[in-house]
Amino acid sequence: MKSLLRNISVAGICTLTVLSAATASAARPDARKMTCNQTQALINAQGAAVITTGAHTYTRFVSSNRYCFHPEVRTPTYVSTKDTNQCPVFHCERPIKLFDD
């Protein structure tokens, strides 16, 4: 009986985990469904936003350097949106080190 109850509990936990993961990805904004202006406005309003960029991809975009973790810096990039393939936005990236100290 204990084994049956444990199996039922494990199945229930697994089901809740899958459902919560699906809900989290469904709640994430999708750049492909927004205009460039909407995407930029969302990033600027929140400071930093994780946005879906493709069928199985997402990226964290930022409005300023203060949302990057040291030593990363805000770097320009482009994302495809509903109205353009090259909407200018920013993400955090480690700077390229050209010379050893």
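Please treat every number below as a calculation from the coordinates, not as lab data. Predicted model only: the values in this text are computed from it and were never measured. Heads up, the Cβs are rebuilt from the backbone with ideal geometry, glycines too, and the neighbour counts pull from every protein chain shown.
Values as computed for the structure displayed
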quantity	calculated
Looking only at the stretch 36-80, and only at residues there that are among the small types (Gly, Ala, Ser) and surrounded by 13 or more Cβ atoms within 10 Å (Cβ to Cβ), the one that is nearest to residue 96 (Cα to Cα)	63
Scope the stretch 86-101; condition acidic (Asp, Glu) and assigned to a loop (DSSP other than H, G, I, E, B); matching residues	100, 101
Whichever residue in the stretch 86-101 is more than 15 Å from the chain's Cα centre (by Cα) and touching a residue at least 12 places away in the same chain (Cβ under 8 Å) and, among such residues, is surrounded by the most Cβ atoms within 10 Å (Cβ to Cβ)	87
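Residue-wise test of (1) within 11 Å of the chain's Cα centre (by Cα); (2) in contact (Cβ under 8 Å) with a residue 24 or more places away in the chain; (3) part of a helix (DSSP H, G or I).
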{"residue": "37", "(1), (2), (3)": "no, no, yes"}
{"residue": "45", "(1), (2), (3)": "no, no, yes"}
{"residue": "59", "(1), (2), (3)": "yes, yes, no"}
{"residue": "81", "(1), (2), (3)": "no, yes, no"}
{"residue": "84", "(1), (2), (3)": "no, yes, no"}
